[in-house]
Amino acid sequence: MNNLSWIEISKNNLISNLKTIRQITCPEAIISPCIKANAYGHGLVETAKIFISGGADWLSVNSIEEAEKIRQADLGQPILVIGHVAEYELERIFDLDLRLFISSFDYAEKLSKIGQTKNKIANIHLKIDTGMHRHGVLMMEAEELAKKINDLPHIKIEGLATHFANSAEPSNPSYFNEQLEKFTSIVSKIKNITNHDLIIHCDKSASLLVYDNHISNLVRPGISAYGYYPSSEVAEIAKAKGINLKPALAFKTIIGQIKKILANSFVGYGCAYTTSRPSTIATIPVGYYDGYDRKLSNKGYALVSGQRAPILGRVCMNITIIDITDCGQISSGDEVVLIGRQDNEQITVEQLAIWADTINYEIITRLRESLPRYYI
Ligand SMILES: Cc1ncc(COP(=O)(O)O)c(C=O)c1O
């Protein structure tokens, strides 16, 4: 690769994860992988194409902006916008042929009016807040809202959705069960109002991987489609059931400048590291601008020549300094692995998340969008 730093994505692993999700979902369910946040760092449009080739029926995006990029790439799949849509963007729903979550009459009425002028129907999915307390209409207002929207012209309640707050903590399932019960009860009430078949969806990675009976006929898996588990608890349960996801992403760079410094030398900003021995150090052209977390300062490792090379001092904006004293004969330009495998050593996204005191979701979604991505 002719780059300073880059990301490699395994097409086979993305497709394998989607097939795994298909196997644990009821066979007729619509698979609508979440490709928001630049497809969890994997590259929006290319990943969407790979998911479609692996059997994705729909695509779930966060924003109109993301949906527009998918349409510009001429991908014809139904698109569900699951994030906030501003009033001024509502017209784009019709122009780009999108579905969206609706939680208020105000929005529904505005959509209906735009639909009238364009002589088109908007397919909306009523988002019900069963306890996450983020987007969605409150349970006690949901039935009334469904009735009012159902009476509007140029708008069709196509689906009902909710989002679980703690399905990734299955050792404490009571709140999950409470939300599921609430959702099941409101679904049956609203079905009586619309008098047509509805697309029902609540499942994301954690609930799909942990629980076996799903009421959804559409699923919105995110992190699992990329090969990661939503939590270590979920990973344990899923693996015990024989579910093996395959991480699709590797993050690589090259050795920059190499130099030998004496014991008791400071390294980097704030003199935050002091060598305890004569050391061979190297720069790598990656920093927090690239999504390489500053909390990795003096904590994380990179792989050089199949060995773990400790990060010395603070991660800078575009540069990080590593200790290659124990890595053998290294030259400028040699490959360095920040996420992924090199010989017998591996740095997982989860390991980076522990070092950086965050979650795997944040590690992958913050990888700089403009880093070159190679799909192999
Ligand atoms: C509404 C909604 N559905 C589905 C997902 C996918 O979740 P996960 O990546 O845990 O599968 C998300 C992710 O944040 C979401 O916000």
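The values are calculated or read from the model by the stated rules, or taken from the named source; none is laboratory data. Remember, it's a predicted structure, so these values are computed and weren't measured experimentally. Positions of Cβ are backbone-derived with ideal geometry, glycine not excepted, and every protein chain shown enters the neighbour counts. Note: areas computed on protein heavy atoms with side chains; ligands, DNA, RNA excluded. Shrake-Rupley method; radii C 1.70, N 1.55, O 1.52, S 1.80 Å.
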State the number of residues belonging to the range 186-227 that are open to solvent by 10 Å² or more (accessible area, probe 1.4 Å), outside any loop (DSSP other than H, G, I, E, B) and farther than 25 Å from LYS148 by Cβ. 1
Reported set for the range 100-145 where residues are more than 15 Å from GLU89 (Cβ to Cβ), surrounded by 17 or more Cβ atoms within 10 Å (Cβ to Cβ) and within 16 Å of the ligand (Cβ to nearest atom) is SER103, HIS125, LEU126, LYS127, ILE128, ASP129, THR130, GLY131, HIS135, GLY136, VAL137
For the range 343-361: of the residues being of a type in the set (D, E, K, R) and more than 15 Å from SER205 (Cβ to Cβ), which is least open to solvent (accessible area, probe 1.4 Å)? GLU345
The one condition GLN329 fails out of (1) part of a loop (DSSP other than H, G, I, E, B); (2) within 20 Å of GLU8 (Cα to Cα) is (2)
Scope the range 21-39; condition open to solvent by less than 20 Å² (accessible area, probe 1.4 Å) and either part of a helix (DSSP H, G or I) or within 14 Å of ASN213 (Cα to Cα) (or both); matching residues: ILE21, THR25, ALA29, ALA39
Residue among LEU160, LEU138, LEU198 that is aliphatic (A, V, I, L, M) and within 23 Å of ALA225 (Cβ to Cβ): LEU160
In the set ARG294, ARG366, ARG373, which member is more than 24 Å from LEU44 (Cβ to Cβ) and basic (Lys, Arg)? ARG294
